[in-house]
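Data first, discussion second: the structure below is written as C-alpha cells.
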Amino acid sequence: MAAETGTAPRRAVFQPAGDAALDRAIVAQAVEWLVRLQSGAASAAERAACEHWRGAHPDHEQAWQRVRGLGADLRDGVHGLAPETARGALRGADAARRRWALKAFVLAASGGVGAWVLRDDMAYWRADYRTATGERRDVLLPDGTRVALNTRSAIDVDFGAAERGIRLLGGEIMVSSGHDPAARPLVVHAGPGRVVPIGTRFLVRAPDASAPGQVVVLEGLVELGVAGREGRLRLPAGQGARYAADGISAPEPGSENAASWTQGVLVVERMRLDDFLVELGRYRPGVLRCDPAVGAILVSGAFPVARTDAVLDMLEETLPVRRRSLGPYWTTIAAR
C-alpha cells in the first residue's frame, strides 16, 4: 500500500482481495470489543459502549464486521465445496464414516493419543518455563528480553559467555529482544532452526511431526539458519519463512494476525475448516478432528481461545456440521 505524501504508511490488517486496508489499531480495538462481549460477563453498559464505538467511524464498523462471528464464508455454509460434497455434508455422515470414527477412537485409545501426550514429556516438565494446554505466559529474562509463551509451549534459557540462548522445546513463542551490555547475540534454537534477531520482535513456532517450523518477523530484522546447512536468510518486518532439516522456504508475507494469540484470540481469514480445527485444538485438551467431507469449508473471524466449546457451538449453529464426542477428550466435527 502506497503511503500518502508527508504521512507515515499504515500497516494493512485483515485486507481481503478487493477490500480497503484497515488500520492495525482499529482492528485491535474491534478484537478487544469482541472478546469482551463474548466473555459472557459483558454488562449492558459495555454492550452500549461497543455500539457507540461502532457508530463513531465507518472504519470501526468495517473492522467489527470483519472480526465478528464467522464472517460471510460461514453464512454461505458450504462455500468452496464441490456440489456433491456439499450435498453429502447436508445429508449427514454415512455409516462408513461412523465406522471410521470408531476405528480412529480405538486406535487412539491403544496408543495414538498416548504418544501425543508423552512426546518429549521429560524435556517439557524439566523446562525452565512452560505452559499447559490453553495457558499463555509472559516471561521477562535478565537482559530485558520478553518472551510470551503460547499454549503447550516450553523453553529453556541458557545465557552463557558466547550467546544469550533460548531453546524452544515445543509450541510457539513471541520474543521482544532486550539489550545486552556485553553485546552477546540473542539466539533462539527451535528444532534445526537458529534464529538471530537484530533488535526486533518476532514469532517462532517449533517444528513438529505434522508441520515445519515457522518464523514471522513483526518488527526489525532476523537471520534464520538451519543446522548443518550453509547460508542464512534475512527476514525484515512483515515477512516470514518456514524451515525444516532440509532447508528454508522462500520468504513469504507474514500474516498480520499471526500474533493475535497474545491477546487471547485466534484470528483467521478464509481458512479451511480442517486447518482451523487443528489450530483450535492446540487450545483444548484431547483430540479435535475434522471429517474430511466438511474440511474444505472456509472459516473467517476472531475466536476467543479460552472458550473453545463456545467456538464449537458457534460452528454448529452456523455451518451444516455437528459435534460428535466419544468421551471427554475425543471430538469430531462432522457433517450434520
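The values are calculated or read from the model by the stated rules, or taken from the named source; none is laboratory data. If you're wondering where the values come from, they're calculated on a predicted model, not measured in any experiment. Note that each Cβ is placed from the backbone with ideal geometry, even for glycine, and that neighbours are counted across all protein chains shown. Side chains are part of the model used for accessible areas, which takes the heavy atoms of the whole protein and leaves out ligands, DNA and RNA. Shrake-Rupley method; radii C 1.70, N 1.55, O 1.52, S 1.80 Å.
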Quick check on Ser153: is it under 23 Å from Trp125 (Cβ atoms) and open to solvent by 50 Å² or more (accessible area, probe 1.4 Å)?
no
What single numbered condition from (1) open to solvent by less than 20 Å² (accessible area, probe 1.4 Å); (2) within 26 Å of Ile26 (Cα to Cα); (3) hydroxyl-bearing (Ser, Thr, Tyr) fails to hold for Ser255?
(1)
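Yes or no: Val175 of a type in the set (Val, Ile, Thr) and closer than 20 Å to Ala250 by Cα? Let's see the steps before the verdict.
Working: of a type in the set (Val, Ile, Thr): yes; closer than 20 Å to Ala250 by Cα: no.
No; evaluated as a whole, the condition is false for this residue.
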Which is under 20 Å from Ala154 (Cα atoms), modelled with pLDDT under 95 and surrounded by fewer than 19 Cβ atoms within 10 Å (Cβ to Cβ), of Ala209, Ala227, Ala183?
Ala209
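Return yes or no: is Val204 open to solvent by less than 50 Å² (accessible area, probe 1.4 Å), part of a strand (DSSP E or B), touching a Gly at 6+ places or on another chain (Cβ under 9 Å) and at pLDDT 95 or above?
The answer is yes for Val204.
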Looking at the structure I just gave you, is His52 open to solvent by less than 60 Å² (accessible area, probe 1.4 Å), more than 24 Å from Leu273 (Cβ to Cβ) and modelled with pLDDT of 85 or more?
no
Do any residues in segment 159-182 that are touching a residue at least 40 places away in the same chain (Cβ under 8 Å) have Cβ atoms under 6 Å from those of residues that are among the β-branched types (Val, Ile, Thr) and open to solvent by 30 Å² or more (accessible area, probe 1.4 Å), where the two are at least six apart or on different chains, and which pairs are they?
Met174/Thr262
Residues that are among the β-branched types (Val, Ile, Thr) and surrounded by 19 or more Cβ atoms within 10 Å (Cβ to Cβ), at least 3 per element: which strands (runs of 3 or more DSSP E) completely within segment 272-336 meet that?
330-335
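For every residue, the table says whether it meets (1) aliphatic (A, V, I, L, M); (2) modelled with pLDDT under 90; (3) not in a loop (DSSP other than H, G, I, E, B).
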position	(1), (2), (3)
Leu107	yes, yes, yes
Ala115	yes, yes, yes
Asp143	no, no, no
Asp158	no, no, yes
Ala161	yes, no, no
Ile166	yes, no, yes
Among the residues of segment 121-133, is there at least one that is closer than 21 Å to Arg284 by Cβ, without any contact (Cβ under 8 Å) to a residue 24 or more places away in the chain and not small (Gly, Ala, Ser)?
yes
